[in-house]
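Structure first, then comments.
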Amino acid sequence: MPSHSYTVADVIAFLREFAPAELAESWDNVGLLVGDESWPAKKVLTCLTLTEDVAEEAASTGAGLVVSHHPLLFKAVKRITAETSEGRTLLTLLKAGVAVYSPHTAFDSAAQGINRRLAAKLGLADIRPLRPFADESLAGGGRFGQLAKAVPLSDFLEQVRTVLKLEAVGYVGEADMKVRTVAVACGSAAEFLEDAARHDCDVLVTGEARFHACLESRSRGVAMVLAGHYATERPAVEELAAVIAQHFKGLEATPSAVERDPLQWSTR
């Protein structure tokens, strides 16, 4: 089937099965946020956050749908003008006829979602949800699993750096402490520390955490690795493009080529 015969509705129907909206947190804003389901999909662009440059990329490359992990719209909007970054982004998309769908926390918690993929990427086995959903044993918040053998935290930090292609990671814990049971929660998710402790995890890998969460990590005796919000989520967003392309034969689906982590690290 040629790509021009797919509509936004076709891709959304697949995404709703892949990451059901019922898995999203109650505060979240998931689903079709911009556009019309009847519009032609043409091609699909995936990204972590829909910024002005990503919107320009979508428009210039002829995309019909952007799947943005983070919702473009969180708060009520009273006007859409070129005076704000959000307004300019929306105007660019609407002028080009580009729809926007956000799976966000539904994708985080899906059976084959971000946290499941992050856990697998770090080499964990026997992967299970930190917060399993009562009606779906394979889905849930966060994940935890086992390394093949216990290693010093310093070695695990190097593994995280290598796998996620990072120059540096932040951490809480003693470098020589042994870790084997590992919890993961993508993005900004230090609230999963209690869940990690309940499952006797040695370490929690997340993107970022506040100072007091780091103190809590130390007091609980559960190490914490801060790998960056972007690094813990962007790889799965890239993989999602491949999943869509594989499901819809003839439909081009690619991750944004211009998106970059806004946070940079100095190693000097």
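Every read-out reported here was derived from the displayed coordinates using simple, explicitly stated rules and does not represent laboratory data. Given the structure is predicted, the values throughout are model-derived calculations rather than measurements. Heads up, the Cβs are rebuilt from the backbone with ideal geometry, glycines too, and the neighbour counts pull from every protein chain shown.
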Inset, instruction - With only Lys, Arg, Asp and Glu charged, each at its Cβ (+1 for the first two, -1 for the last two), find how big the charge dipole of region 111-231 is about the Cα centre; round to the nearest 20 debye. - result: 240 debye
Legend entry - 222 nm mean residue ellipticity, helices alone, for the chain (DSSP H n ≥ 4; -39,500 (n - 2.57); rounded to 500): -10000 deg cm²/dmol
Inset, instruction - Assuming R0 = 45 Å, can you tell me the calculated FRET efficiency for the pair Phe74 and Thr254, based on Cβ-Cβ distance, to the nearest 0.05? - result: 0.95
Legend entry - Candidate aspartates and glutamates for bridging to Lys75, where Cα separation is under 16 Å - those fewer than 8 sequence places away on the same chain excluded: Glu25, Asp28, Glu86
Inset, instruction - Quote to one decimal, in nm, the extra length available between Arg161 and Ser219 on full extension: 0.36 nm per residue of separation minus the C-alpha distance between them. - result: 18.4 nm
Inset, instruction - Using only the Cα atoms of the chain, each taken as one equal point scatterer with no solvent, compute I(q) by the Debye sum, divide by I(0), and report log10 of the ratio at q = 0.11, 0.14, 0.16 Å⁻¹. - result: -0.63, -0.96, -1.17
Inset, instruction - Using Cα positions and a limit of under 16 Å, work out the lysines in reach of Lys165, with same-chain residues fewer than 8 apart set aside. - result: Lys121
Inset, instruction - Can you spot the aspartates and glutamates whose alpha carbon is less than 14 Å from Lys149's alpha carbon? Ignore those fewer than 8 places along the same chain. - result: Asp126, Asp202
Inset, instruction - Mind telling me which of Arg180, Arg161, Arg210 comes out most flexible in a GNM of the chain, alpha-carbon contacts under 10 Å? - result: Arg210
Legend entry - Residue (of Ala242, Val258, Ala209) at the positive-pole extreme of region 204-268, dipole from beta-carbon charges: Ala209
Inset, instruction - Express the C-alpha Rg of region 24-177 as a ratio against the empirical globular expectation 2.2 N^0.38 Å, rounded to two decimals. - result: 1.30
Inset, instruction - At a temperature of 37 °C and a viscosity of 0.692 mPa s, determine how fast region 1-87 diffuses translationally according to Stokes-Einstein, using the Kirkwood radius over alpha-carbon pairs as Rh; express D in µm²/s, rounded to the nearest whole number. - result: 232 µm²/s
Legend entry - the chain, dipole about Cα centre (Lys/Arg Cβ +1, Asp/Glu Cβ -1), debye to the nearest 20: 240 debye
Legend entry - Calculated over region 111-231: convex hull of Cα atoms, volume per residue (Å³): 89 Å³
Legend entry - Pairwise label distance in nanometres, Glu83 with Lys178, each label 7 Å out on the Cα-Cβ vector: 6.3 nm
Inset, instruction - Quickly rank 114-124, 76-86 as a protection proxy: mean count of other C-beta atoms within 10 Å, highest first. - result: 114-124, 76-86
Legend entry - Gained length - Lys149 relative to Glu17, 0.36 nm times residue gap less alpha-carbon distance: 44.0 nm
